[in-house]
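Notes to accompany the following structure.
The values are calculated or read from the model by the stated rules, or taken from the named source; none is laboratory data. Since this is a predicted model, take the numbers as computed values, not measurements. Here the Cβ positions follow ideal geometry from the backbone for every residue, glycine too, while neighbour counts run over all protein chains shown. Areas reflect the complete protein model, heavy atoms only, side chains present, ligands, DNA and RNA absent. Shrake-Rupley method; radii C 1.70, N 1.55, O 1.52, S 1.80 Å.
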Amino acid sequence: MTPQSTFTVLAPIDPAREGELRGLLDAMNDAPGRVDPNNQIVPFEQFDTLHFARLLILDDQTVGDVEIHGLARRTYPLYLAFLGDIDGGERAFLKELARRAGPGLRAVFSCCEGFRPDTDLVAWMKQHRSAPIANFVNTRGRTVTQIREEAALWDALQRRVDAGVPGDTALARYETLRDFATGEIDAGRLRFTAPGRTPLLWSIRKFVHMVGMPMLALAFLPVLIATLPFYVVALRRLERSDPELIPTVDQEYSDALAATEDHDVTNQFSALGSRKPGSVRLITTLGVLMTIEYAARHLTWPGRLGRIRTIHFARWVFVGGRDRVVFCSNYDGGVDTYMDDFINKAGFGLNASFSNCIGYPTTNWLIRDGCKDERKYKEFLRRHTIPTQVWYKAYPGLTAIDLDRNSRLRQGLLAEEMTERDAADWLALL
Amino acid sequence: MSSAVDFADVQGLVRFGHGSMTMARYDLLEIKDPDAARSWLRMAIPDVVTAAKVSPRPTTALHLAFTAPGLQALGLADSVIADFSHEFRTGMAAEARSRLIGDVGNNSPEHWQWGGPGHEPHVLAMFFGEEADFEAFVGRLRGELFERAFEAHPLEMAHLDVTEPFGFADGISQPEIDWKQRRRTPTDQREYTNVVALGEFLLGYENEYGKLTDRPLLDADATAAGLLDAPEAPDKKDLARNGTYLVMRQLEQDVRGFWKFVHEQSEGPEEAEQLAAAMVGRTRAGAPLVGGAGASDSIDGAGPPENQFTFDDDPTGSECPFGAHIRRANPRNTDEPERGGLLKRLRIATGFGSKEFRYDLMSSVRFHRILRRGRAYGATIDPTQPTDELDAPTGLHFICINANISRQFEFVQGAWLASSKFSGMTGEADPLLGTREPLLSGDSTNSFKLPKDGDLRRRVSDLPQFVTLRGGAYFFLPSLRALSYLAQPRTD
């Protein structure tokens, strides 16, 4: 199977050329929130291994928040972020980017510091690479090609079913439809590309991580157990004293974000925040994110992040050091639906990861309360949401659940043995 | 937070549907003269019926609600208005809100007859009355002072009937508001209940999250003396306590078009009735399509037998289609996808509950209930009597009450009714209310599927639009004290 990877380029912007950069990013859109998939700068549509991509300026609204902890406000350079989720390896994709979008990317990156006319594009992107500390893929191994083929299968089956499918049993009807699908494939109207061979290096790395991390934890177990009470006491003390900072979000700011939302059935979300100071919070952040990474990489069932089934891809990335984190996700439905789902279905996960951000609603024992104060949580999240200037999705109109359903349909057609029960379940998908 | 509700401070519409007052009239008002408007309010407040039960029952009732521009026109400070909810201030006609709740195509605000961008009303004045007293009541209130104060756009007279314009019994499913505040909102609701926290429908009380909804808190000064103290900040005055938000939408219904389509898709009148019922989720008489009424387990606060059911016994949608109107508007689910012991619940919480496709698809409905108070308008159309004349417009003045417009009304409307991806489906939005507009990707939304047990679904395609949105707005329905506060004379 072809695994998915990410690419993340984070580069400080040349202050003198910020306006020019914003103009370039705007030019990639047909309208706010609606990218031109074949725009002149990065023709996303031409990459058939690209699931999602975004370009955004990390305009930190909350950089002064650290003052509530009695620390001096820091200044950070203004960053450009260019990230994406792809099939196959990062290195190969960067080369393809340079080949198909060279001039456009050069124009964009020339607005960043340290990019000269003679700079090697691929080398520069590698140099400014910022690997995510935690990354979630909805269904490992599902490629863009597979998604498109399965969507075509759905359409074909719908039309066929509308015309009536004779048969006394579910199995009989299933077999009729399977024969139909085979016919369509033979006629060249449908395709089921065979899954690629899993790269050996990837398998090795995955195995090492899967076994290595728990082994590391085991090796450090005595230390972990010994320090646990101190950690808990310190954390509880912090939880009782950490101040909240949740001013009402400026209406205009929220409206500007809303202008880019709800065009497709999927939405993008980019949030930026500063970590609470101190080593306890640093350890917690690293621990929680590494746990999420481990779970997302090895444990989660396809299509689910805990109980949440609506996220396509999501990742956490440190921005210039370990003080700030940007969280980027692609999820289905409106932002309020998204937040409600998280509060109710995955509150503990939200609290564990985001409570380390300055000003977050008070948690108790890391996972309790926090986001359960719905109003505070939603206001907090909105305040930390930053506009995503350019956002691309390779399969408009399809949700994660659509993709899940279509995959199950295809798997059903390739099944060696089907019982009457299996056949009935398969038919119910239609 | 358990101070008892002062019913005399709450506008009666939150507690009563005024069923005995069969006559009604809604006026959308624009404030021409703020001083005259405030004078009129002071004069009219005694006619506002409260939620207190009085004997003998009033035969007339007035209710008043205000949009954000309306509050501004009335002289309320911008800093105070800024503390009302985002969506209330933005209004229903804003482009981003329209996209969110599916008001696209023919339903988009630029086509509205009232309330479109730049034409938001200021005040909603609702007159209710028994037939004998109604004319005099309305005439008395709409006198010289009224004419001076407001520019009025009256909405068609609404009459109370047994069924809504398509011919279906309506208003059966209503939440039971926990007026006595006995409900301890749980962290995990495991049984479906029809009882909902008071704070979901009245501001200043705990909602289903056990918290108070955000609202304006005023400094205690001479003008605010008549208002109650805020429970969470006793040094502040609670302008919105005992008030709530009111959503209004004029939904014009193509009664002939609906029945014509249903008959075209069916062989014979009986099948047509069945198809129509499948689209609604109830028979015309109001019986739900699932289970039997009077099931052995009764649901907390569910009231009449027609409301005593959940969809638990219909996991395949073959009794009541997944996309049927009432199943979309209220999925009758709980916080967790299935019941189980501690270990099972732990597995569910961490995402290892079940691999089934239709598992855990929806949000828990207790956070998304609305209280409906709408009334139909227009003449009753009998679709079996063909006519060459154009029918007068008929439909529903949809009105609902909720404390959090975004999490309640907008959620149900946007994520459940208008969404073509509701409940793991695709290609279909609400069969009654859907706009049939294709997605940006070009995918259509004008189908309707009827699942069949052990067989393939039946798909009905190319549904025409049956309901057109003619206008709408978000209002604030103040308490009696807040009305007095707003009606105070001002010098500015």
Exactly one of (1) of a type in the set (Lys, Arg); (2) over 11 Å from the mean Cα position of the chain (by Cα); (3) surrounded by 21 or more Cβ atoms within 10 Å (Cβ to Cβ) is unmet by B:Arg345. Its number?
(3)
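Regarding A:Thr284, is this residue of a type in the set (Ser, Thr, Tyr), more than 9 Å from chain B (Cβ to nearest Cβ), assigned to a helix (DSSP H, G or I) and open to solvent by less than 10 Å² (accessible area, probe 1.4 Å)? Before you say what the answer is, go through the steps one by one.
Details: of a type in the set (Ser, Thr, Tyr): yes; more than 9 Å from chain B (Cβ to nearest Cβ): yes; assigned to a helix (DSSP H, G or I): yes; open to solvent by less than 10 Å² (accessible area, probe 1.4 Å): yes.
It is true that A:Thr284 is of a type in the set (Ser, Thr, Tyr), more than 9 Å from chain B (Cβ to nearest Cβ), assigned to a helix (DSSP H, G or I) and open to solvent by less than 10 Å² (accessible area, probe 1.4 Å).
Go through region B:8-61 and give me each residue that's among the hydrophobic types (A, V, I, L, M, F, W, C), within 20 Å of B:Leu145 (Cα to Cα) and touching a helix residue (DSSP H, G or I) at 6+ places or on another chain (Cβ under 9 Å). Reasoning before the result, please.
Filtering region B:8-61 for residues among the hydrophobic types (A, V, I, L, M, F, W, C) gives B:8, B:10, B:13-14, B:16, B:21, B:23-24, B:28-29, B:31, B:36-37, B:40-41, B:43-45, B:48-49, B:51-52, B:54, B:61.
With the extra rule that they be within 20 Å of B:Leu145 (Cα to Cα), the set shrinks to B:28-29, B:31, B:36-37, B:40-41, B:43-45, B:48, B:61.
If the condition is that a residue be among the hydrophobic types (A, V, I, L, M, F, W, C), within 20 Å of B:Leu145 (Cα to Cα) and touching a helix residue (DSSP H, G or I) at 6+ places or on another chain (Cβ under 9 Å), then B:Leu29, B:Ile31, B:Ala36, B:Ala37, B:Trp40, B:Leu41, B:Met43, B:Ala44, B:Ile45, B:Val48, B:Ala61 are the ones that fit.
Residues that are within 14 Å of chain A (Cβ to nearest Cβ): list the strands (runs of 3 or more DSSP E) wholly contained in region B:186-254 that include at least 1 such residues. Before the answer, list the steps.
Numbers: elements: B:217-219, B:233-238, B:244-253.
Qualifying strands (runs of 3 or more DSSP E): B:217-219.
When the residues of region A:346-363 are filtered to those that are within 20 Å of B:Glu208 (Cα to Cα) and open to solvent by 20 Å² or more (accessible area, probe 1.4 Å), which remaining residue is nearest to the chain's Cα centre (by Cα)?
Filtering region A:346-363 down to residues within 20 Å of B:Glu208 (Cα to Cα) leaves A:346-348, A:350-351, A:361-363.
Subset that is open to solvent by 20 Å² or more (accessible area, probe 1.4 Å): A:348, A:362.
Working: A:Phe348: 19, A:Thr362: 26 Å.
Here the answer is A:Phe348.
Would region B:256-264 turn up any residue that is among the acidic types (Asp, Glu) and open to solvent by 10 Å² or more (accessible area, probe 1.4 Å)?
Kept after step one, since they are among the acidic types (Asp, Glu), are these residues of region B:256-264: B:264.
Those left that are additionally open to solvent by 10 Å² or more (accessible area, probe 1.4 Å): B:264.
Yes, because at least one residue in region B:256-264 is among the acidic types (Asp, Glu) and open to solvent by 10 Å² or more (accessible area, probe 1.4 Å).
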Look through region B:71-92, keep the residues that are in a loop (DSSP other than H, G, I, E, B) and in contact with a helix residue (DSSP H, G or I) (Cβ under 8 Å, 6 or more places away or on another chain), and return whichever of them is surrounded by the most Cβ atoms within 10 Å (Cβ to Cβ).
B:Met92
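Give me the residue from region B:444-460 that is part of a loop (DSSP other than H, G, I, E, B) and at pLDDT below 95 and, out of that set, most open to solvent (accessible area, probe 1.4 Å).
B:Asp453
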Evaluate region B:420-439: report whether one residue or more is closer than 30 Å to A:Tyr395 by Cα and aromatic (Phe, Trp, Tyr).
yes
Residues of region B:407-434 being at the interface with chain A (Cβ under 10 Å from one of its Cβ atoms), in contact (Cβ under 8 Å) with a residue 24 or more places away in the chain and out of contact with any Leu (no Cβ under 6 Å at 6 or more places or on another chain), which ones?
B:Arg407, B:Glu410, B:Phe411, B:Ala415, B:Trp416, B:Ser419, B:Ser420, B:Phe422, B:Met425
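Those residues that are of a type in the set (D, E, K, R) and assigned to a helix (DSSP H, G or I), I need them from region B:407-431; list them, please.
From region B:407-431, those of a type in the set (D, E, K, R) are B:407, B:410, B:421, B:428, B:430; that's our starting set.
Answer for region B:407-431, where residues must be of a type in the set (D, E, K, R) and assigned to a helix (DSSP H, G or I): just B:Glu410.
Which of the strands (runs of 3 or more DSSP E) found entirely inside region A:29-133 contain at least 2 residues meeting this: touching a Ser or Thr at 6+ places or on another chain (Cβ under 6 Å)?
Values: elements: A:29-31, A:50-58, A:79-87.
Output list reads A:50-58, A:79-87.
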Please go through region B:461-492 and give me each residue that is crowded, with 23+ Cβ neighbours inside 10 Å and either among the hydroxyl-bearing types (Ser, Thr, Tyr) or in a strand (DSSP E or B) (or both), ordered by number.
B:Val467, B:Leu469, B:Gly471, B:Gly472, B:Ala473, B:Tyr474, B:Phe475, B:Phe476, B:Leu477, B:Ser479
Among (1) under 19 Å from the mean Cα position of the chain (by Cα); (2) over 27 Å from B:Gly378 (Cβ atoms), B:Leu13 falls short only on (2)
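Taking region A:332-359 only, how many residues are more than 12 Å from every other protein chain (Cβ to nearest Cβ) and within 23 Å of A:Phe136 (Cα to Cα)? Working first, answer last.
Kept after step one, since they are more than 12 Å from every other protein chain (Cβ to nearest Cβ), are these residues of region A:332-359: A:350-359.
With within 23 Å of A:Phe136 (Cα to Cα) added as a condition, the list becomes A:350-357.
Result for region A:332-359: 8.
Considering only region B:334-382, state which residues are of a type in the set (D, E, K, R) and within 14 Å of chain A (Cβ to nearest Cβ). Explain how you work it out, then say what you get.
Start the filter on region B:334-382 by keeping residues that are of a type in the set (D, E, K, R), which leaves B:335-336, B:338-339, B:344-345, B:347, B:355-356, B:358, B:360, B:366, B:369, B:372-373, B:375, B:382.
Passing the criteria: B:Asp335, B:Glu336, B:Glu338, B:Lys344, B:Arg345, B:Arg347, B:Lys355, B:Glu356, B:Arg358, B:Asp360, B:Arg366, B:Arg369.
Filter region A:363-409 down to residues that are among the hydrophobic types (A, V, I, L, M, F, W, C), within 9 Å of chain B (Cβ to nearest Cβ) and within 23 Å of B:Asp335 (Cα to Cα), then give me how many there are. Quick ask: steps written out before the conclusion?
So in region A:363-409, the residues among the hydrophobic types (A, V, I, L, M, F, W, C) come out as A:365-367, A:371, A:380-381, A:386, A:390-391, A:394, A:398, A:400-401, A:403, A:409.
With the extra rule that they be within 9 Å of chain B (Cβ to nearest Cβ), the set shrinks to A:398, A:401.
Narrowing further to those that are within 23 Å of B:Asp335 (Cα to Cα): A:401.
Selection size over region A:363-409: 1.
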Quick one: is A:Tyr338 of a type in the set (Ser, Thr, Tyr) and part of a helix (DSSP H, G or I)?
yes
Does region B:392-406 contain any residue that is in a loop (DSSP other than H, G, I, E, B), more than 14 Å from chain A (Cβ to nearest Cβ) and under 28 Å from A:Pro166 (Cβ atoms)?
no
Tell me, please, whether a residue that is touching a Ser or Thr at 6+ places or on another chain (Cβ under 7 Å) and not basic (Lys, Arg) can be found in region A:147-161.
yes
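Inside region A:246-281, can you point out the residues that are of a type outside the set (S, T, N, Q), touching a residue at least 60 places away in the same chain (Cβ under 8 Å) and away from chain B (no Cβ under 14 Å)? Walk me through how you get there before you give the answer.
So in region A:246-281, the residues of a type outside the set (S, T, N, Q) come out as A:246-247, A:249-250, A:252-253, A:255-259, A:261-265, A:269, A:271-273, A:275-278, A:280-281.
Remaining after also requiring touching a residue at least 60 places away in the same chain (Cβ under 8 Å): A:246-247, A:249, A:253, A:256-257, A:259, A:261-265, A:269, A:271-273, A:275-277, A:281.
Across region A:246-281, the qualifying residues are A:Phe269, A:Ala271, A:Leu272, A:Gly273, A:Arg275, A:Lys276, A:Pro277, A:Arg281.
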Test for A:Arg309: is it over 22 Å from A:Tyr253 (Cα atoms), charged (D, E, K, R) and within 14 Å of chain B (Cβ to nearest Cβ):
yes
Could you identify the single residue in B:Leu202, B:Leu239, B:Leu212, B:Leu246 that is open to solvent by 10 Å² or more (accessible area, probe 1.4 Å) and out of contact with any His (no Cβ under 7 Å at 6 or more places or on another chain)?
B:Leu212
Go through region B:94-130 residue by residue and tally those that are within 21 Å of B:Leu440 (Cβ to Cβ) and either within 14 Å of chain A (Cβ to nearest Cβ) or among the charged types (D, E, K, R) (or both).
13
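Every residue, every condition in (1) β-branched (Val, Ile, Thr); (2) over 33 Å from the mean Cα position of the chain (by Cα); (3) surrounded by 13 or more Cβ atoms within 10 Å (Cβ to Cβ); (4) at pLDDT 95 or above, yes or no:
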residue: A:Ala152; (1), (2), (3), (4): no, no, yes, yes
residue: A:Leu157; (1), (2), (3), (4): no, no, yes, yes
residue: A:Val161; (1), (2), (3), (4): yes, yes, yes, yes
residue: A:Ala170; (1), (2), (3), (4): no, yes, yes, no
residue: A:Phe180; (1), (2), (3), (4): no, yes, yes, yes
residue: A:Ala194; (1), (2), (3), (4): no, no, no, no
residue: A:Val211; (1), (2), (3), (4): yes, no, no, yes
residue: A:Phe220; (1), (2), (3), (4): no, no, no, no
residue: A:Val233; (1), (2), (3), (4): yes, yes, no, yes
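When you go through A:Arg315, A:Arg322 one by one, which is the residue that is surrounded by fewer than 19 Cβ atoms within 10 Å (Cβ to Cβ), under 25 Å from A:Gly84 (Cβ atoms), more than 14 Å from every other protein chain (Cβ to nearest Cβ) and in contact with a Leu (Cβ under 8 Å, 6 or more places away or on another chain)? Full working, then the answer.
Numbers: A:Arg315 fails: surrounded by fewer than 19 Cβ atoms within 10 Å (Cβ to Cβ).
Of the residues listed, the single one that is surrounded by fewer than 19 Cβ atoms within 10 Å (Cβ to Cβ), under 25 Å from A:Gly84 (Cβ atoms), more than 14 Å from every other protein chain (Cβ to nearest Cβ) and in contact with a Leu (Cβ under 8 Å, 6 or more places away or on another chain) is A:Arg322.
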Going through B:Pro154, B:Pro186 one at a time, which residue ends up being exposed (fewer than 15 other Cβ atoms within 10 Å of the Cβ) and farther than 30 Å from B:Asp35 by Cβ?
B:Pro186
